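Enquirer: Dropping a structure here in structure tokens format, bear with me for questions.
The values are calculated or read from the model by the stated rules, or taken from the named source; none is laboratory data. These numbers come from a predicted model, not from an experiment. Here the Cβ positions follow ideal geometry from the backbone for every residue, glycine too, while neighbour counts run over all protein chains shown. Heavy atoms of the whole protein, side chains included, go into the accessibility calculation; ligands, DNA and RNA do not. Shrake-Rupley method; radii C 1.70, N 1.55, O 1.52, S 1.80 Å.
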Amino acid sequence: MTAIGVFALQGNVREHLAMLTEVGVDAVPVRRPAELARVDALVLPGGESTTMDKLARSFELFEPLQKRIADGMPVFGTCAGMIMLADEITGGISGQETLGGLDVTVRRNAFGRQVDSFEADLEFAAFDTPYHAVFIRAPWVERVGQDVEVLSTVRSGPAAGRIVAVRHDRLLATSFHPEMTGDARLHGYFAELVRGL
């Protein structure tokens, strides 16, 4: 059975594990390099990107994660996880580093503070019906590289046209929290990407 890990040092770990189980994969919390070595792919959940960076270093996961990503491990980054995958960030704190691998520029906290959080229905070509997304202090993508596919944008309101979901080869990232919706379609999309390798 395909094993997909969830970076389990911060964020909505339990919710992501439940969604992955729902789509039929072996869902594994990852806190140590030995656990990372046992999974086929990884979810980087939402949380606080600078804290995730520090925790990954404290638990000696940062460099093994960078290496696995560079070696082609599929990764699904959500909210802060998108920031962690981005090759470039704006609005970060001084010295903030990312795992990289995704040829995008992401603006940290682009949609504003926690009080500015919102929900929106998004169109995805892979889905027959809109996907209800929850945005909490969310980033957005300001620049995509030549080989990055834009999967969804905000359709209306002050953020209309902003890129909120992308894919580049084996890397998938969303600005929002798919684990908070009860809709497992994006986790299923990622699981199919992993199974197809």
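Enquirer: Any idea how many residues of region 35-48 are touching a residue at least 40 places away in the same chain (Cβ under 8 Å), under 16 Å from Ile4 (Cα atoms) and of a type in the set (Gly, Ala, Ser)?
Expert: 1
Enquirer: So, one more: In region 145-197, how many are open to solvent by 10 Å² or more (accessible area, probe 1.4 Å) and among the aromatic types (Phe, Trp, Tyr)?
Expert: Within region 145-197, residues that are open to solvent by 10 Å² or more (accessible area, probe 1.4 Å) and among the aromatic types (Phe, Trp, Tyr) number 1.
Enquirer: Would you point out the residue of region 107-126, among those that are at pLDDT 95 or above and open to solvent by less than 30 Å² (accessible area, probe 1.4 Å), that is farthest from Gly47 (Cα to Cα)?
Expert: Only one residue tops the list, namely Phe124.
Enquirer: State which residue pairs qualify: first residue closer than 19 Å to Val164 by Cα and inside region 70-99, second residue in a strand (DSSP E or B) and of a type in the set (Lys, Arg) in any location, beta carbons under 9 Å apart, and separation of 6 or more residues or different chains.
Expert: Glu88/Arg143; Ile89/Arg107; Thr90/Arg107; Gly91/Arg107
Enquirer: What residue, of Val30, Val25, Val39, is in contact with a Ser or Thr (Cβ under 6 Å, 6 or more places away or on another chain), over 19 Å from Ser175 (Cα atoms) and of a type outside the set (D, E, K, R)?
Expert: That would be Val25, the only listed residue that is in contact with a Ser or Thr (Cβ under 6 Å, 6 or more places away or on another chain), over 19 Å from Ser175 (Cα atoms) and of a type outside the set (D, E, K, R).
Enquirer: Considering each residue of region 2-41, count those that are acidic (Asp, Glu) and in a strand (DSSP E or B), and give that number.
Expert: Number of matching residues: 1.
Enquirer: Of all residues in region 65-82 being open to solvent by less than 20 Å² (accessible area, probe 1.4 Å) and assigned to a helix (DSSP H, G or I), which is farthest from Glu15 (Cα to Cα)?
Expert: Only one residue fits best here, namely Ile69.
Enquirer: Scan region 49-64 and report the pairs whose first residue is open to solvent by less than 40 Å² (accessible area, probe 1.4 Å) and whose second residue is among the basic types (Lys, Arg), with Cβ atoms within less than 8 Å and a gap of 6+ or a chain change.
Expert: Ser49/Arg108; Leu61/Arg31; Leu61/Arg32
Enquirer: What number goes with the only condition from (1) within 15 Å of the chain's Cα centre (by Cα); (2) at pLDDT 95 or above; (3) not hydrophobic (A, V, I, L, M, F, W, C) that Thr98 does not pass?
Expert: Single failed check for Thr98: (2).
Enquirer: Another one. Of all residues in region 153-186, which are outside any loop (DSSP other than H, G, I, E, B) and either farther than 20 Å from Gly101 by Cβ or in contact with a Cys (Cβ under 7 Å, 6 or more places away or on another chain) (or both)?
Expert: Thr153, Glu179, Met180, Arg185
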